[in-house]
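Read the structure below first, then the notes.
The values are calculated or read from the model by the stated rules, or taken from the named source; none is laboratory data. Small disclaimer: the values here were computed from a predicted structure and weren't measured. Counting neighbours? That spans all protein chains shown, and the Cβs are built from the backbone with ideal geometry, glycine included. When the accessible area is computed, the model is the full protein with side chains, heavy atoms only, and any ligands, DNA or RNA have been set aside. Shrake-Rupley method; radii C 1.70, N 1.55, O 1.52, S 1.80 Å.
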Amino acid sequence: GLKAYKAQGYIGMGDEAESVSKTLEYAYDDWCIAQMAGAMNQAEVFQEYISRGQYFKNIFNPEIGFMQSKMNGGWSHGFDPAEVNFNFTEANSWQYSMFAPQDVSGLVELYGGADAFEKKLDELFATEMELSGRHQVDITGLIGQYAHGNEPSHHMAYLYNYIGKPYKTQDRIHQILTEQYTTAPDGLSGNEDCGQMSSWYVLSSMGFYSVTPGSDDYAIGTPLFDDVKIHLENGNTFNIKTHKNREGDKYIQKAELNEVPLGRSYLKHKEIMEGGTLVFYLGSEPQTEWAVTGSPKSKIEDEHQIVPVPYFNTKSQVFTDSMSVEIKSVFTTDKIYYSLNGGEYLPYESPVFIDSDARFKAYAERGTKKSFTVSDVKYKKIKGNRSIELGAEYANQYSAGGDDALINYLEGGSDYRTGYWQGYFGKDFSAVVNLGASGETVRKISVGALQDIRSWIWYPKTVTISISDDGKKFKKLKTISNTFSDKEYGGFHQNFEYRFNRPTLVKYIKVEAENYGECPEWHLGNGNPTWLFFDEISIE
């Protein structure tokens with residue numbers, strides 16, 4: 001996905017699987033490169049990568065407050081923040097929408113300020129929304145939609161520090177320390193990837209955590225241990241002592257560093273390395289005034305700020321008569337300019353009306369700064385008022401853009417995860433395409449199907465194509481049996497088609513497909529239902 005990431009400032013769901021997670025993680029990685037470049041006085045490299053460190057802004061949907069996948073310059077359809085799908089790496093949007101540890105201030109700004117950000121954090125931990133989509137064994141240790149068993153969530157409880165509410169961090173950190181870890185054989189609530197589950201516990205139990213590796217700040221949480229000595233490689237010792245009135249006290253009432261009151265919710269790496277003593281005084285009630293103004297810093301400075309790309313806000317990429325195309329910016333104060341069908345750029349003032357095939361480009365502007373240009377955004381007018389009625393329900397995570405996806409003229413490749421494929425689990429498929437009152441002269445009908453048996457996707461056993469004049473009584477043209485091997489691993493794509501002997505006037509077309517059935521005995525999914533994946537129903 002790097003080519004798309006560099007060319008447009010984000011990875012789209014059609015460019016690469018796990019597009020949201022990769023965009024977010026690449027942005028953090030790029031910020032780290034910028035820190036190294038800055039330390040080496042590589043000014044040009046720093047400027048390039050500090051800009052790329054903000055690409056998370058290009059996939060934030062301000063209307064719903066979540067990081068979301070993009071297709072055709074706009075947001076993917078059928079969005080569910082709790083859904084586990086291939087726009088994310090072993091997670092959902094709840095568990096990735098606050099992954100911008102390199103620029104927490106920028107993230108807070110996207111949400112509309114500290115109060116809105118606090119509300120979203122509260123909702124993360126308190127929501128009763130349940131996981132949906134595909135089953136993912138890595139998502140464990142749930143508190144609301146916070147998943148302590150999976151690393152992308154690990155910094156989130158500390159984010160209250162950055163908006164002056166460290167007592168809320170203390171509350172959640174204590175909860176995680178005492179509820180998510182035990183000394184039993186299953187005492188870790190998630191997969192111990194490279195020791196991360198344990199290192200989180202050790203650091204947090206001492207009272208601090210590295211929210212932003214690459215920064216020299218450690219966010220303070222609340223200590224679980226009473227007395228800690230860190231023997232440093234330079235020969236110094238850093239002591240951490242905790243005073244409690246009673247067992248279970250978790251709220252910091254005050255803190256002292258080397259006998260000097262500490263009124264901030266972070267430590268500097270240098271302070272630890274110099275050695276000394278940090279003392280926490282804990283109580284049972286929140287001390288809402290402690291460290292309110294002493295928040296850790298995670299900010300990309302104003303002179304390096306980028307302008308996020310605009311986004312297209314439409315219900316579909318296809319239309320039958322006419323449609324209006326709305327273009328929006330992440331920040332409403334940014335100005336938008338657009339080009340239609342290769343014409344000159346015009347200031348965007350209101351939705352653009354189209355009644356034929358259209359191709360857009362757009363960019364946002366703030367002062368002298370411009371965003372990436374969102375290019376090659378296409379809308380297709382369907383001939384003869386074509387419409388489709390599905391006889392089976394597709395899985396929301398594999399919607400391919402909605403009900404019209406199978407007649408939108410967009411075809412996918414051999415990777416079902418890139419967003420162009422519509423998936424049906426454990427069921428047969430049927431669809432009726434209406435070619436309008438007058439019908440169309442047709443030479444060929446085909447439907448694209450995919451097979452990837454590693455992911456429990458098989459070609460249909462058979463595909464039957466029928467036609468009708470009234471949409472009720474159908475005449476079968478042909479039943480096509482699959483002849484491709486059902487044991488071949490890899491991603492494959494083929495069209496099941498019927499060709500007329502001569503051009504024929506058709507009003508309704510029905511496509512029916514028989515599911516492969518259960519996974520066979522030799523397969524790891526033995527006995528489980530299988531998937532059908534379809535893309536375009538092509539009518540020529």
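Just to be sure before I move on: is ALA392 open to solvent by less than 30 Å² (accessible area, probe 1.4 Å) and part of a loop (DSSP other than H, G, I, E, B) in the structure I sent? So ALA392 fits the description; yes. Which of the residues belonging to segment 293-326 are open to solvent by 50 Å² or more (accessible area, probe 1.4 Å), of a type in the set (Ser, Thr, Tyr) and farther than 30 Å from LYS165 by Cα? Matches in segment 293-326: THR320, SER324. Applying the condition of being within 21 Å of GLY413 (Cβ to Cβ) and of a type in the set (A, V, I, L, M, F, W, C) to segment 479-510 and asking which residue is most open to solvent (accessible area, probe 1.4 Å) yields PHE484.
Being part of a helix (DSSP H, G or I) and open to solvent by 40 Å² or more (accessible area, probe 1.4 Å) is the filter here; which residues of segment 117-131 pass it? Full working, then the answer.
Of segment 117-131, the ones part of a helix (DSSP H, G or I) are 117-126.
Across segment 117-131, the qualifying residues are LYS119, ASP122, GLU123, ALA126.
Screening ALA157, ALA219 for residues that are modelled with pLDDT of 95 or more, in a strand (DSSP E or B) and open to solvent by less than 10 Å² (accessible area, probe 1.4 Å) leaves exactly one candidate, ALA219. The residue pairs whose first member lies in segment 375-398 and is in contact (Cβ under 8 Å) with a residue 40 or more places away in the chain and more than 24 Å from TYR416 (Cα to Cα), whose second member is charged (D, E, K, R) and open to solvent by less than 50 Å² (accessible area, probe 1.4 Å), and whose beta carbons are closer than 8 Å, counting only pairs six or more residues apart or on different chains, are LYS383/GLU440; GLY384/GLU440. Exactly one condition in (1) among the hydroxyl-bearing types (Ser, Thr, Tyr); (2) closer than 25 Å to PRO213 by Cβ; (3) touching a Lys or Arg at 6+ places or on another chain (Cβ under 7 Å) is not met by SER76; state its number. With respect to (1) among the hydroxyl-bearing types (Ser, Thr, Tyr); (2) closer than 25 Å to PRO213 by Cβ; (3) touching a Lys or Arg at 6+ places or on another chain (Cβ under 7 Å), SER76 is out only on (2).
Determine whether segment 361-374 contains at least one residue that is under 16 Å from LYS315 (Cβ atoms) and touching a residue at least 24 places away in the same chain (Cβ under 8 Å).
No, that holds for no residue.
For segment 281-312, name all the residues that are out of contact with any Gly (no Cβ under 6 Å at 6 or more places or on another chain) and part of a strand (DSSP E or B). Within segment 281-312, TYR281, LEU282, GLY283 meet the criteria.
Select the strands (runs of 3 or more DSSP E) contained entirely in segment 314-377, then report the ones holding at least 2 residues which are within 28 Å of GLU48 (Cα to Cα). Break it down stepwise before answering.
On the way: elements: 323-328, 335-340, 352-354, 358-366.
Of the strands (runs of 3 or more DSSP E) lying wholly inside segment 314-377, those with at least 2 residues that are within 28 Å of GLU48 (Cα to Cα) span 323-328, 335-340, 358-366.
Is segment 436-446 home to any residue that is open to solvent by 40 Å² or more (accessible area, probe 1.4 Å) and in a strand (DSSP E or B)? Within segment 436-446, one or more residues are open to solvent by 40 Å² or more (accessible area, probe 1.4 Å) and in a strand (DSSP E or B).
Tell me yes or no: at least one residue of segment 503-520 is out of contact with any strand residue (DSSP E or B) (no Cβ under 6 Å at 6 or more places or on another chain), farther than 28 Å from SER466 by Cβ and free of Cβ contacts under 8 Å to residues at least 40 places away in the same chain. Within segment 503-520 (the criterion being out of contact with any strand residue (DSSP E or B) (no Cβ under 6 Å at 6 or more places or on another chain), farther than 28 Å from SER466 by Cβ and free of Cβ contacts under 8 Å to residues at least 40 places away in the same chain), the answer is yes, since at least one residue qualifies.
Looking only at segment 232-254, how many residues end up being surrounded by 11 or more Cβ atoms within 10 Å (Cβ to Cβ) and either of a type outside the set (Ser, Thr, Tyr) or in contact with a helix residue (DSSP H, G or I) (Cβ under 6 Å, 6 or more places away or on another chain) (or both)?
Within segment 232-254, the first condition is being surrounded by 11 or more Cβ atoms within 10 Å (Cβ to Cβ), and the residues that meet it are 232, 236-245, 249-254.
From what's left, either of a type outside the set (Ser, Thr, Tyr) or in contact with a helix residue (DSSP H, G or I) (Cβ under 6 Å, 6 or more places away or on another chain) (or both): 232, 236, 238-241, 243-245, 249-254.
Summing the residues that are surrounded by 11 or more Cβ atoms within 10 Å (Cβ to Cβ) and either of a type outside the set (Ser, Thr, Tyr) or in contact with a helix residue (DSSP H, G or I) (Cβ under 6 Å, 6 or more places away or on another chain) (or both) in segment 232-254 gives 15.
Within the bounds of segment 379-388, is there any residue that is closer than 25 Å to GLY490 by Cα, open to solvent by 10 Å² or more (accessible area, probe 1.4 Å) and out of contact with any Ser or Thr (no Cβ under 6 Å at 6 or more places or on another chain)? Scanning segment 379-388, I find no residue that is closer than 25 Å to GLY490 by Cα, open to solvent by 10 Å² or more (accessible area, probe 1.4 Å) and out of contact with any Ser or Thr (no Cβ under 6 Å at 6 or more places or on another chain), so the answer is no. Would you mind stating whether GLY413 is surrounded by fewer than 20 Cβ atoms within 10 Å (Cβ to Cβ) and under 23 Å from HIS523 (Cα atoms)? Answer is no for this residue.
In segment 165-180, the residue that is nearest to the chain's Cα centre (by Cα) out of those that are open to solvent by 10 Å² or more (accessible area, probe 1.4 Å) and touching a residue at least 40 places away in the same chain (Cβ under 8 Å) is ARG172.
Within segment 76-114, restricting attention to residues that are at negative phi, in a loop (DSSP other than H, G, I, E, B) and charged (D, E, K, R), the residue that is least open to solvent (accessible area, probe 1.4 Å) is ASP103.
When you look at LYS472, is it open to solvent by 70 Å² or more (accessible area, probe 1.4 Å) and at pLDDT 95 or above, yes or no? No; evaluated as a whole, the condition is false for this residue.
For (1) more than 25 Å from ASN92 (Cα to Cα); (2) crowded, with 17+ Cβ neighbours inside 10 Å; (3) in contact with a helix residue (DSSP H, G or I) (Cβ under 9 Å, 6 or more places away or on another chain); (4) not small (Gly, Ala, Ser), each residue gets a yes or a no:
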residue	(1), (2), (3), (4)
PHE360	yes, yes, no, yes
ARG366	yes, no, no, yes
SER371	yes, yes, yes, no
TYR409	yes, no, no, yes
TRP421	no, yes, yes, yes
ARG454	no, no, no, yes
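Please verify whether segment 319-326 includes one or more residues that are at pLDDT 95 or above, closer than 20 Å to ASP15 by Cβ and among the polar types (S, T, N, Q). Show your work before the answer.
Here is the first cut: in segment 319-326, the ones at pLDDT 95 or above are 324-326.
Retained after the next criterion (residues that are closer than 20 Å to ASP15 by Cβ): none.
No, every residue in segment 319-326 fails to be at pLDDT 95 or above, closer than 20 Å to ASP15 by Cβ and among the polar types (S, T, N, Q).
Do we find that THR530 is among the hydroxyl-bearing types (Ser, Thr, Tyr), under 30 Å from the mean Cα position of the chain (by Cα) and open to solvent by less than 40 Å² (accessible area, probe 1.4 Å) in this structure?
Numbers: among the hydroxyl-bearing types (Ser, Thr, Tyr): yes; under 30 Å from the mean Cα position of the chain (by Cα): yes; open to solvent by less than 40 Å² (accessible area, probe 1.4 Å): yes.
Judged against the criteria, THR530 is a match.
I'm trying to understand the selection: among the residues of segment 4-44, which are farther than 20 Å from GLY74 by Cβ, assigned to a helix (DSSP H, G or I) and open to solvent by 50 Å² or more (accessible area, probe 1.4 Å)? Selection gives LYS6, GLU25, TYR26, ASP29, ILE33, GLN35, MET36, ALA39, ALA43, GLU44.
Within segment 45-57, being under 19 Å from PRO101 (Cα atoms), outside any loop (DSSP other than H, G, I, E, B) and out of contact with any strand residue (DSSP E or B) (no Cβ under 8 Å at 6 or more places or on another chain) holds for PHE46, GLN47, GLU48, TYR49, ILE50, SER51, ARG52, TYR55, LYS57. Scanning segment 264-278 for residues that are exposed (fewer than 14 other Cβ atoms within 10 Å of the Cβ), within 39 Å of the chain's Cα centre (by Cα) and either over 20 Å from VAL202 (Cα atoms) or not charged (D, E, K, R) (or both) returns a single hit, HIS269.
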